[in-house]
Amino acid sequence: MVASPNHPPEDLNLLKEKCRNLESQCAGYVRSLETANDNLAAEITKRKKAEEAIQNAYDELEKLVAERTKEIRRLKDRLHAENVFLKQELAASHAYGAIIGDSHPIKTVISQIELVAPTDANVLIHGESGTGKELVAREIHKHSRRKDKPLIKVNCATIPKELYESEFFGHVKGSFTGAVKDRIGRFEAADGGTIFLDEVGEIPFDLQSKLLRILQEGEYERLGEDKTRKVDVRIIAATNKDLQTEVSAKRFRDDLFYRLNVFPIQIAPLKARKADIQPLATHFAKKLSREMNIPCPRLTQANLIDLQSYDWPGNVRELENAIERAMILARSHDLNFSLIKAGLQFSESLQTIKIQDRNTQGQVMTEAELKQIERQNTINALIQCQWKIYGKEGAARLLTIKPTTLIERMKRMQVQKPRK
């Protein structure tokens with residue numbers, strides 16, 4: 001029997017139904033695959049975001065650790081520098097003890113300290129070498145609101161010109177030959193406290209503008225670094241020069257002078273306050289007897305007459321050296337200062353005194369001959385100490401003078417360490 005064209009055969013209809021079912025199943029599979037693909041893509045995106053968040057968190061943590069490590073290193077360096085500077089100050093702080101004297105000039109200085117110490121005003125201390133300018137600076141800091149912070153001393157006369165900027169402001173590694181690591185400067189070490197600029201008149205003219213900037217704005221940069229740093233310090237300066245004359249001669253900036261000279265304090269030389277010689281001599285005798293572990297010698301009326309008849313060009317520092325020298329030479333508990341009248345400086349060594357006794361009995365030595373003996377004695381001490389100035393094995397201790405005094409003497413006598 002033949003199928004009619006208007007009535008497709010039953011198997012053809014069945015085939016079409018299967019095709020429709022198959023198409024429907026395929027569409028379902030495609031939708032399932034698309035859904036699974038979308039879910040997978042969403043999961044991948046989610047995981048990528050999580051990984052990015054973890055990486056960002058890791059980067060932030062790494063950055064934070066680096067910053068904290070740098071800060072810890074900076075604080076460690078600062079504490080180390082403060083420790084070094086404060087050890088130096090602690091050693092120096094026992095040089096004179098409290099201010100000693102009853103003269104009118106000393107009472108005036110004490111009154112000025114009481115007035116200016118509680119303020120943050122800059123102070124400029126004027127006075128001859130050896131009058132006790134550092135002691136006055138220490139007393140100002142001691143009675144200020146910054147007393148619990150460091151007092152950092154800088155002897156401007158002993159810093160080589162090429163190292164001033166590094167010494168004041170610090171440097172970064174590689175900024176110059178020999179800069180093997182970062183180093184903080186004296187101003188940063190004194191942050192929150194006081195910096196004492198001794199012999200401020202010796203600061204090179206071309207560096208004075210940078211010091212003025214700290215005074216005006218409290219800002220500076222380490223040598224070899226562009227980062228501007230802030231610092232909060234009080235400045236106490238001291239000089240044995242007439243800075244107004246230096247300003248007139250264009251060797252010292254007038255604007256810096258006016259900034260430093262907010263509150264001037266003038267310390268009179270010892271020859272102008274001889275009433276202080278007796279209490280000072282008594283104080284030094286007691287202090288030195290403890291250090292030398294010997295009985296304290298008795299200061300006689302004759303001793304005081306000898307001491308007060310001398311003008312003391314080296315001031316209080318020279319008086320202390322004279323007391324120490326006399327105590328070393330004393331064969332008994334009685335001291336002898338009669339050599340002062342002969343013009344013999346007690347900063348000379350025992351060898352010089354022996355030469356004087358052995359070779360010049362009944363003779364008078366000229367000033368030039370005395371200076372030559374002093375110069376040779378200084379060189380002998382430096383050679384014996386291998387040209388070391390500071391410390392227990394230094395020439396200053398051997399000569400029983402301060403290192404700064406020895407450095408000033410070497411400059412005056414043009415004594416230099418020979419080059420190898």
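The values are calculated or read from the model by the stated rules, or taken from the named source; none is laboratory data. Only a predicted model underlies this, so the values are computations on that prediction, with no experimental measurement involved. Glycine also receives a Cβ, built like all others from the backbone with ideal geometry; neighbour counts cover every protein chain displayed. Accessible surface is based on the protein model in full, side chains and every heavy atom, while ligands, DNA and RNA are left aside. Shrake-Rupley method; radii C 1.70, N 1.55, O 1.52, S 1.80 Å.
Regarding the chain, what are the three Cα extents along the principal axes, ordered largest first, in Å?
Computed over the chain, the largest-to-smallest principal extents equal 170, 49, 46 Å.
What is the angle, in °, between the Cα long axis of helix 133-142 and the longest principal axis of the Cα atoms in the chain? Nearest 10 is fine, range 0 to 90.
For helix 133-142, the angle is close to 50 degrees.
Residue 62 to residue 289: extension gain in nm, 0.36 nm per residue of separation minus the Cα-Cα distance? Before the final figure, lay out the partial values.
Values: separation 227, 0.36 × 227 = 81.72 nm, distance 5.98 nm.
Result: 75.7 nm gained on full extension.
Enter the accessible area of residue 233 (Å², nearest 10), with the probe set to 1.4 Å and all protein chains included.
Residue 233 exposes around 30 Å² with every protein chain in place.
Using the charge dipole of the chain (Lys, Arg: +1 at Cβ; Asp, Glu: -1 at Cβ; taken about the Cα centre), state which of 245, 258, 406 has its Cα farthest towards the positive end.
Among 245, 258, 406, the one farthest towards the positive end of the dipole of the chain is 406.
Report the label-to-label distance for residue 248 and residue 296 in nanometres (one decimal), using points 7 Å from each Cα along the Cα→Cβ vector.
Between residue 248 and residue 296, the simple spin-label model gives 4.8 nm.
Around residue 130, which amide H atoms from residues at least 5 apart in sequence, or from another chain, sit under 5 Å from its own amide H, with H modelled in the peptide plane?
So residue 130 has HN proximity to no qualifying residue.
For region 122-178, report the accessible area per residue in Å² (1.4 Å probe, heavy atoms, rounded to an integer).
Values: 2390 Å² over 57 residues.
Spelled out: the 1.4 Å probe surface of region 122-178, per residue, equals 42 Å².
Note down the net charge around residue 145, summing +1 for each Lys or Arg and -1 for each Asp or Glu among other residues with Cβ under 10 Å from its Cβ.
Values: positive: 146, 147, 149, 234; negative: 120, 148.
Spelling it out: positives minus negatives among the neighbours equals +2.
Got a sec? What order do 29, 390, 164 fall in by accessible area at 1.4 Å, biggest, i.e. largest, first?
Working: 29 145, 390 120, 164 10 Å².
Reading off the accessible areas and sorting them downward yields 29, 390, 164.
Express the carbon and sulfur contribution to the solvent-accessible surface of region 198-245 as a percent, rounded to the nearest whole number, probe 1.4 angstrom. Mind showing how you got there, number by number?
Details: 860 of 2130 Å².
Result for region 198-245: 40 percent of the exposed heavy-atom area is carbon or sulfur.
Quick one: which residues, 5+ away or cross-chain, put their amide H under 5 Å from the amide H of residue 252? H built at 1.01 Å from N.
Hits under the 5 Å cutoff: 247.
Mind checking the full-extension length gain between residue 177 and residue 413? Use 0.36 nm per residue of separation minus the Cα-Cα distance, one decimal, nm.
Stretched out fully, the residue 177 to residue 413 stretch lengthens by 81.9 nm.
For an R0 of 30 angstrom, estimate the FRET efficiency from the Cβ-Cβ distance between residue 72 and residue 226 and round to the nearest 0.05. All intermediate terms of the calculation are to be shown ahead of the outcome.
Details: r = 23 Å, r/R0 = 0.76.
According to the calculation, E is roughly 0.85.
Hey, if you put +1 on the Cβ of every Lys and Arg and -1 on every Asp and Glu Cβ in the chain, which of 116, 299, 275 ends up farthest toward the positive end of that dipole?
299
When the Karplus curve 6.51 cos²θ - 1.76 cosθ + 1.60 is applied with θ = phi - 60°, which whole-Hz ³J(HN,Hα) does each residue of region 383-397 get, with x for Gly and Pro?
Couplings: 5, 4, 9, 6, 6, 8, 9, 8, x, 5, 9, x, 5, 4, 5 Hz.
In terms of Cα to Cα distance under 20 Å, which aspartates and glutamates are near enough to residue 371, apart from those fewer than 8 places away along the same chain?
311, 318, 348, 357, 408
If you plug each phi of region 275-289 into the Karplus form 6.51 cos²θ - 1.76 cosθ + 1.60 with θ = phi - 60°, what whole-Hz ³J(HN,Hα) values come out, in order, with x for Gly and Pro?
With the stated coefficients, region 275-289 comes to 5, 8, 5, 4, x, 5, 4, 4, 4, 5, 4, 5, 5, 5, 5 Hz.
Given the DSSP H assignment, sum -39500 (n - 2.57) over each helix run of at least 4 residues in the chain and divide by its residue total; what's the result at 222 nm in deg cm²/dmol, nearest 500?
Computed ellipticity for the chain at 222 nm equals -17500 deg cm²/dmol.
Testing the spin-label approximation: label points 7 Å from Cα along Cα→Cβ at residue 39 and residue 215. State their distance in nm.
The answer from the label model is 7.9 nm.
Going down the table (76/181; 181/227; 153/411; 76/227; 107/274; 173/250), which pairs top 25 Å between alpha carbons?
Listed pairs above 25 Å: 173/250.
Suppose a student asked you for the relative contact order of region 164-313, using Cα pairs under 8 Å spaced at least 6 residues apart; what percent would you report? The partial results should precede the final answer.
Values: 167 pairs, mean separation 29.0, N = 150.
Computed value for region 164-313: 19 percent relative contact order.
Ordering 312, 387 by how much accessible area each has at a 1.4 Å probe, largest first, what is the list?
The ranking, largest first, comes out as 387, 312.
Normalised by the residues of the chain, what does the relative contact order come to in percent, with Cα pairs under 8 Å and at least six apart?
14 percent
Non-local amide H neighbours of residue 266 (under 5 Å, H modeled in plane, Pro and chain starts lacking H): which ones?
126
Per residue of region 202-211, in order, report the coupling 6.51 cos²θ - 1.76 cosθ + 1.60 (Karplus, θ = phi - 60°) as ³J(HN,Hα) in whole Hz, putting x for Gly and Pro.
8, 5, x, 4, 6, 9, 5, 5, 6, 5
List the lysines whose Cα lies under 24 Å from the Cα of residue 49, skipping any in the same chain that are fewer than 8 positions away.
63
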